[in-house]
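First comes the structure, then the notes that go with it.
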């Protein structure tokens, strides 16, 4: 089959790889009808996440049709079912899964020892996202093997909704949703969201639907800010405006109660001292992640507020003002998304017409065109916000 | 046609240009540190005693441009800076390339090295410049071009933004996702979530969420 394969940083190719096969009774094979490039795939593309190996199949946002089911998954799936595949692989039986903490499933990461060495304890297996999270082949391919398939799926109706409306249940929609939910949104809250990429866009719509008073979005790319404004956010372009002054003006000098970092480890602030410091340290490998957004959020957030971090960080950050966090009594909520914890509710909201997540798609192409589009997406060229590939 | 003399004979593909730029970034940092830390050794070898402060200043320039190249998504401007620096180096070395300098041979060698590195700087600058001019996506076929140039109409909220505000207020934030009690807002002199607290207390030790029997399906 054809798949997008990671060879080395900045080198992803569309290549022929062996077809997946059932390896465990709980497996299923899915024929992928649509898949997407995620912002967090760019951390792999740029080589900032450790644990990738030559030949790894990329992708953790995909959906399609079940074409083969292992004997241990037949109670939940059958050939022909239409499914969205959540990016977190979970067993549904361990202590964490029983609490709904699917992204830290204790059983689905087959490279637990490596993960535990890096993170202290192992986290869940993820599709197409380094050997720290199991080294599972991803979904930017014609077929994908889904481990623990009896739990790791979101069954969706046939015919009534398009792939484009459903695909993002796999990651960015629940990720944006969880980012807001873990802020515990209140009607009087101002929610400030850094990053108007796909997760930031979903977080904006989630905050609007959840009924907060005011949503603010901070970015520098005009078309992304335009899309944020269309979704109900007040845009701040950090290249042409002072983020601190605007946030102060918009909140009566008190600061936003809730701050969301949907940027992560590759912040692109260009004109601040700390951003240049991070660039220099990262360049000589003395720091793995650039935490400009985290510092800014800690600074502007109203005391007793919440910092929510759906943006991906991979390793070490420097000069994070923890004294500020402690003295202001801030709450920090982080984590990969427990996708299936929210998927029933979000699917219902799509079916009821509360939201149509396809708004974020800017590019649709074949799998073979994927490698070029990685670069386009990374460079934010051609108005690119979200790429969907059709294998 | 032979490409030996054509304009494109020295063209590097963009990824090679980026690799070369990375190498030049590290080279720049290494050379800069040597100039900052051992200026006397360099001036002695080149017969340029007394020029140590200048050499150290050049070292700072090299380190800054090196960090700029390695740390930037768009390193081309930093490479242009390196090319300008190469010109400065040549001009400075040229002042020591005269018969009265017993180290004239070393200066000549240094000039040749600077010229060689300048060629590499030029090749990398050109390769990245071509990539930028091509704009990646600018060369894409129509099928891959963006569907809309203007995203101001893309709310993603079919009922409109105003009608959608609070449409999901039926959603109850799970207990384990709520902010600590002391940090929740107060209304009318009481915690705003009194009702929610009461419902949680009534639920006792019930798990925060139920696991779907088979995913969400």
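Computed from the coordinates by the stated procedures, all read-outs in this text should not be read as laboratory data. Here the structure is a predicted model, which means the values were calculated and not measured. Methodologically, a virtual Cβ is constructed for each residue, glycine included, from the backbone with ideal geometry; neighbour enumeration extends over all protein chains shown.
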Q: For residue B:159, put the label point 7 Å out on the Cα→Cβ axis and report which residues of region A:173-194 keep their amide N under 18 Å from it.
A: A:187
Q. Fewest first, what order do A:53, B:62 take by the number of other Cβ atoms within 10 Å?
A. A:53, B:62
Q. With each label point set 7 Å from Cα along the Cα-Cβ vector, what nm distance links residue B:88 and residue A:348?
A. 6.6 nm
Q. Given Cα pairs under 8 Å that are at least 6 residues apart, what percent is the relative contact order of region A:21-118?
A. 25 percent
**Q.** Ranking of A:384, A:14 by count of other Cβ atoms within 10 Å, fewest first
**A.** A:14, A:384
Q. So, by mean Cβ neighbours within 10 angstrom, what's the order for B:166-176, A:97-107 with the highest one leading?
A. A:97-107, B:166-176
Q) Which order do peptides B:78-86, A:155-163 fall in by mean Cβ count within 10 Å, highest first? A) B:78-86, A:155-163
Q) Taking other Cβ within 10 Å of each residue's Cβ, how do A:206, A:34, A:308, A:248 sort, fewest first? A) A:248, A:34, A:308, A:206
Q) Computed on alpha carbon atoms, what radius of gyration and Dmax characterise the protein assembly as shown, expressed in Å? A) 26.9, 96
**Q.** Förster-model FRET efficiency, 51 Å R0, residue B:45 and residue A:118, C-beta, rounded to 0.05
**A.** 0.65
Q. Which value in nm describes the separation of the simple spin-label points at residue B:112 and residue A:17, placed 7 Å from the Cα toward the beta carbon?
A. 4.9 nm
**Q.** Shape parameters for region B:10-135, alpha-carbon atoms, Rg then Dmax in Å
**A.** 15.4, 52
(Q) To check you understand DSSP bridge types, tell me what percent of the beta bridges within chain A (both residues inside) are antiparallel, rounded to 5. (A) 55 percent
Q) Just counting partner chain Cβ atoms within 10 Å, what average do the residues of peptide A:182-188 show around their Cβ? A) 6
**Q.** Ellipticity estimate at 222 nm from DSSP helix runs (n ≥ 4, -39,500 (n - 2.57)) divided over chain A, nearest 500
**A.** -8000 deg cm²/dmol
Q.
For Cα pairs less than 8 Å apart in space and 6+ apart in sequence, what is the mean separation divided by the residue count of region A:173-334, i.e. the relative contact order in percent?
A. 22 percent
Q. How far apart, in nm, are two points set 7 Å out from the Cα along the Cα-to-Cβ line at residue A:322 and at residue B:57?
A. 4.3 nm
Q: Take peptide A:76-82, look around each residue's Cβ out to 10 angstrom, count Cβ atoms belonging to other protein chains, and average those counts.
A: 1
(Q) I need to check one value: relative contact order of chain A, counting alpha carbon pairs closer than 8 Å and at least 6 residues apart, in percent. (A) 18 percent
Q. Which order do peptides A:324-336, A:40-52 fall in by mean Cβ count within 10 Å, highest first?
A. A:40-52, A:324-336
Q: Kindly list the residues of region A:300-316 that lie in the label zone of residue A:244, defined by a backbone N under 13 Å from the point 7 Å along the Cα-to-C-beta vector.
A: A:300-301
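Mind checking A:357-367 for the average number of partner chain beta-carbons within 10 Å of each residue's beta-carbon?
The mean count of partner-chain Cβ atoms within 10 Å per residue comes to 4.
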